[in-house]
1. Need one value: the accessible area of F108 in square angstrom, 1.4 angstrom probe, rounded to the nearest 10.
2. I'd like the Karplus ³J(HN,Hα) series for segment 240-245: coefficients 6.51, -1.76, 1.60, θ = phi - 60°, whole numbers in Hz, and an x wherever there's a Gly or Pro.
3. Sum up the charges of everything whose Cβ sits under 12 Å from the Cβ of L41, counting Lys and Arg as +1 and Asp and Glu as -1, but leave L41 out.
4. With each label point set 7 Å from Cα along the Cα-Cβ vector, what nm distance links E179 and Y48?
5. Solvent-accessible area per residue for segment 179-268 at a 1.4 Å probe radius, Å²?
6. At R0 = 35 Å, how high is the FRET efficiency between T91 and R167 if r is their beta carbon distance? Nearest 0.05 is fine.
7. Considering only Q225, H250, C209, whose Cα is most displaced toward the positive end of the charge dipole of segment 167-268, charges sitting on Cβ of Lys, Arg (+1) and Asp, Glu (-1)?
8. Please give the solvent-accessible surface of R156 in Å², to the nearest 10, using a probe radius of 1.4 Å with every protein chain present.
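The values are calculated or read from the model by the stated rules, or taken from the named source; none is laboratory data. Computed from a predicted structure; not experimentally measured. Ideal geometry is used to build each Cβ from the backbone, glycine not excepted, and the neighbour counts take in all protein chains shown. Accessible surface is based on the protein model in full, side chains and every heavy atom, while ligands, DNA and RNA are left aside. Shrake-Rupley method; radii C 1.70, N 1.55, O 1.52, S 1.80 Å.
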Amino acid sequence: QQQQQQQKQQQQHQHQQQHKNDGKKGSTTDPQNITKSVVGLDQLVSEYQNQKIREKLTKLKSVFSHYTAIRGDGNCLYRAVAYSILIHLNTSTQEKLLDLCTSESKTFQLDEDTKTRIIEKLYWGESKEEEHICDKRGRKSAEDEELSELLVEFMRAVTVDYLEKNRSELAWFVDSEKEFNKIILDANTYGTEAEQMQIMALMNGMEMCCLIIQIDRDNKITTYQIPEEKTPTINLLYRPGHYDVLLYLHNDLVVPPEIDRIKSLSDV
């Protein structure tokens, strides 16, 4: 286990060094930036030549006003979730993050240094923050690149923890124990993309729900939420191999969109 942790830290260091020298999908002119600034959806529409997709994305503007491009480094799902949590941050979510950081679960594999650094960045004092103050602090924290890296580790640890704790139930959904172990290994490996089971585990581990708007390779738009029985608080745009974050801003505050209007965009 110690050897696995050392390999994980080495992989993360290699990725961090690489990020300093190159830019990938979702990066800005400064290759060290993890996310772009929040930009209007008009910019997203302009990226597509396909008229059908442009029309759908134009309709999407009635629900979302902005989006944030997340860097395509294999961690985009975990980073997008972390960014979404921070940008929608409230006191209960803040407490949830801090509680998980102090978890003593044997399957929650996050080193003490990472836990301490996350707590230092997210703990703002004893008094409760008013929601609008918390919102602005969360949005500022969402642009903290060091915190973004720390929370990628955190989100992966939450995912692995849930998978391990629910192994006996979840293993039935795959063909073999070897395949399930591979799912856990991928969740625990920096730079490895997340699949459906990892997303489900992360959402359940965080006790949250995400709505995913997917643009398929055949230019169809579909929506689905994980898990289905909860109200989404995280809204993601998925294009094959990559996740970005969708937002609705009103009076410079992030507010929840109308879910039914989003789902109406799906191609039947």
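1. Number for this one is 10 Å².
2. My calculation for segment 240-245 gives x, x, 8, 10, 10, 10 Hz in order.
3. Values: positive: R54, K56, K59, K61; negative: D42, E47, D244.
Here the charged neighbours net out to +1.
4. The answer from the label model is 3.2 nm.
5. Details: 4180 Å² over 90 residues.
Roughly 46 Å² per residue, with all protein chains present.
6. Details: r = 33 Å, r/R0 = 0.94.
For T91 and R167, the calculated efficiency is 0.60.
7. H250
8. Looks like 0 Å² after rounding.
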